[in-house]
Protein chains: 2
Amino acid sequence: MKTPIVIAVTGAAGQISYSLLFRIVSGELFGLEQPVILRLLEVTPALEKLHGVVMELNDCAYPLLQKVIQTDDPKIAFKDADYVFLVGAKPRKTGMKRKDLLESNAVIFAEQGKALNEVASRHVKVLVTGNPANTNTLITQSNAPDLSPRCFAGMTMLDHNRAISQLAEKCGVRSKDIKNMIIWGNHSETQYPDLHHATVKGQEAFSLVDDRWVVEDFIPTVQHRGGAIIEARGLSSAASAANAAIDQMRAWALGTEDNDWVSMAVFSDGSYGIEKGLFYSFPVRVSADGEGTIVNDLKIEEFSLERMQETEQELKEERLAVQHLL
Amino acid sequence: MKTPIVIAVTGAAGQISYSLLFRIVSGELFGLEQPVILRLLEVTPALEKLHGVVMELNDCAYPLLQKVIQTDDPKIAFKDADYVFLVGAKPRKTGMKRKDLLESNAVIFAEQGKALNEVASRHVKVLVTGNPANTNTLITQSNAPDLSPRCFAGMTMLDHNRAISQLAEKCGVRSKDIKNMIIWGNHSETQYPDLHHATVKGQEAFSLVDDRWVVEDFIPTVQHRGGAIIEARGLSSAASAANAAIDQMRAWALGTEDNDWVSMAVFSDGSYGIEKGLFYSFPVRVSADGEGTIVNDLKIEEFSLERMQETEQELKEERLAVQHLL
């Protein structure tokens, strides 16, 4: 039996985690031979609900689940954690300004960054799902100066998957026939889903769809998909978000496919002129031992560059709003 | 690429299905090489919500998901279905009598039985999760006279897993160290979780725990676990129920482990004196080609027999309440 890996999840009694936890311990993330220790964090008032979720986890009699810790203390939750899903975040309430949302979340993620810095594994991979994901990643990372910035990423895999799904449907192919999709920038409505490098069964995507569809249909559909789900389902995306978290963490831990990449909001190294130190979604290749590299040699059209800069601008503004916590 | 299998799910926009569907199409049920066609049934008012769920399924860009059908017509939902999860059922409302609950569900399952009889694969496996599960299975089966009664089973795998989990915790072992657990009878509070044949790392369970714990703790905890989850979580078991549905269908389709069995509510053949034709939870062994057989040579103590008959009696009473629909 392999040594158990330690996986921490925040917002563990929430909707996304309710879809995520059961899939992690069933073996979907690291396979059927890898035992898992779960360390679950919730705010104090949600601990009883979390206890109910843990009862259900136990009721699954999962062979891989070695131990579950429930806590409201980030330093306990992140102790020796190898993989961390920062799912919990304050939702936007009616009438709340974006700045207030940024601030109230920033306080949470600053605290969690400090705790990670103190107690997590030095090779931890921290995936931030809680919105605003990119800026929350920045806050977490900048409060964890002893960890490499490469230990942190924000989730844009849901957008990546949504973009693949839209193109697959348009072209009448299966999702696995699509390669080299890119989401640039912020996990928000300014994100830029870019088809210029995507292929469909090896053919250039742009040779199969017309510009008008891309501009008027594809890009806005992917950008506004979250809202469309809320409208249809009456609740925000949870199962598909959890699925993307598994996809992104799996790719980040075990590597991307040979001729493909994933989109991840990682610490910018200045590639494509994006300001260094912002957490910006780039195409990222990951080696089998979990080392990620920004794909930095793509030719960028003027059309794309404008959109890439627009979403960069939004990230700079978000950063300004939380400057005092960095 | 293998031929896709057709999986139908009812109550597809509900909570259990929200945990179930994403795990089915990620490959947890039939593995990473088996494409799947999903046929999803909901009541008309829930079709929009179902559409939202399907949007999320698409947003996962699952390589195995070939096609999704959404409908409120059982004859469309069950067309050529190989595997059917009957999840949807009317929940009990405050002040509702058990008889009224039985009746209102009976009408639904009678209609679904007729549709299965007409359009499903002749080798279909129909797993009933919607409560009261055993009697709903009986109604469904008796409305599908052209299908073998062996095509139908009610779910007691959740109880089976809960019992394993309780015993594992008590003995300080992992769930996979426990074999030969049994749930007898009805998926209700009269069920009898039986430790007399269970082993813990090869040792008889009864040699490791005392009688008092079994009677005063183990049996009532398993029987009333559903209520305890509702109390802690504020909602009924969904993820653990979905997990059990996958476990039971996988065992039923692909076989049980060599020295083990699962608990399933199947058509009684009179084993252990249980009335023929009732859907009663027995220990069942399944061959690799999906042929289930009741384990019928176990020695039964007086203590067990009384409890087995008590839960049988409840099933007879439930049957009486829906007699006109059989």
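For the reader, a short list of remarks on this structure follows.
- Matching strands (runs of 3 or more DSSP E) fully within the range A:167-280 where at least 2 residues are surrounded by fewer than 21 Cβ atoms within 10 Å (Cβ to Cβ) and within 14 Å of chain B (Cβ to nearest Cβ): none
- Contact map, the range B:310-326: residues that are assigned by TED's automatic domain parsing to the domain that holds residue B:189 and over 17 Å from residue B:103 (Cβ atoms) paired with residues that are open to solvent by less than 90 Å² (accessible area, probe 1.4 Å) and among the aromatic types (Phe, Trp, Tyr), Cβ distance under 7 Å, separation 6+ or inter-chain. Pairs shown: B:311/B:184; B:311/B:192; B:312/B:280.
- Checked against the criterion of being assigned by TED's automatic domain parsing to the domain that holds residue A:148, among the hydrophobic types (A, V, I, L, M, F, W, C) and closer than 15 Å to residue A:142 by Cα, the range A:96-107 has at least one qualifying residue.
- None of A:57, A:102, A:47, A:65 is more than 21 Å from residue A:239 (Cβ to Cβ) and within 14 Å of another protein chain (Cβ to nearest Cβ) except A:47.
- Residue within the range B:40-54 that is part of a strand (DSSP E or B), out of contact with any Lys or Arg (no Cβ under 8 Å at 6 or more places or on another chain) and either more than 24 Å from residue A:21 (Cα to Cα) or open to solvent by 30 Å² or more (accessible area, probe 1.4 Å) (or both) present: yes
- Scanning the range B:127-148 for residues that are out of contact with any strand residue (DSSP E or B) (no Cβ under 8 Å at 6 or more places or on another chain) and either surrounded by 24 or more Cβ atoms within 10 Å (Cβ to Cβ) or within 13 Å of residue B:322 (Cβ to Cβ) (or both) returns B:132, B:139, B:142, B:143.
- Criterion: at pLDDT below 95, more than 26 Å from residue A:161 (Cα to Cα) and open to solvent by 80 Å² or more (accessible area, probe 1.4 Å) - qualifying residue of B:79, B:90, B:75: B:90
- Test: residue A:32 is within 12 Å of chain B (Cβ to nearest Cβ), closer than 19 Å to residue A:254 by Cβ and of a type outside the set (S, T, N, Q): yes
- Residue list for the range B:1-39, restricted to those being part of a loop (DSSP other than H, G, I, E, B), under 27 Å from residue B:235 (Cβ atoms) and aliphatic (A, V, I, L, M): B:12, B:13, B:29
- The residue of the range B:59-72 that is farthest from residue A:164 (Cα to Cα), among those that are in contact with a helix residue (DSSP H, G or I) (Cβ under 6 Å, 6 or more places away or on another chain) and open to solvent by 60 Å² or more (accessible area, probe 1.4 Å), is B:72.
- Members of the range B:284-306 found to be outside any helix (DSSP H, G or I) and either more than 14 Å from residue B:153 (Cβ to Cβ) or in the same structural domain as residue B:149 (by TED's automatic domain parsing) (or both), listed by number: B:287, B:288, B:289, B:295, B:296, B:297, B:298, B:299, B:300, B:301
- Residues (surrounded by fewer than 24 Cβ atoms within 10 Å (Cβ to Cβ), touching a residue at least 40 places away in the same chain (Cβ under 8 Å) and closer than 25 Å to residue B:240 by Cα) located in the range B:103-126: B:124, B:125
- Taken residue by residue, the range B:205-226 has at least one member that is within 19 Å of the chain's Cα centre (by Cα) and without any contact (Cβ under 8 Å) to a residue 12 or more places away in the chain.
- Condition broken by residue B:1, with the remaining ones in (1) within 11 Å of another protein chain (Cβ to nearest Cβ); (2) more than 24 Å from residue B:247 (Cβ to Cβ); (3) at pLDDT 95 or above satisfied: (3)
- Of all residues in the range B:93-101, none satisfies being in contact with a strand residue (DSSP E or B) (Cβ under 8 Å, 6 or more places away or on another chain) and either of a type in the set (Val, Ile, Thr) or within 19 Å of residue B:243 (Cβ to Cβ) (or both).
The values are calculated or read from the model by the stated rules, or taken from the named source; none is laboratory data. Model, not experiment: these values are computed from the prediction. Glycine gets a Cβ as well: all are built from the backbone with ideal geometry, and neighbour counts include every protein chain shown. Just so you know, the surface numbers come from the protein's heavy atoms only, side chains and all, with ligands and any DNA or RNA stripped out. Shrake-Rupley method; radii C 1.70, N 1.55, O 1.52, S 1.80 Å.
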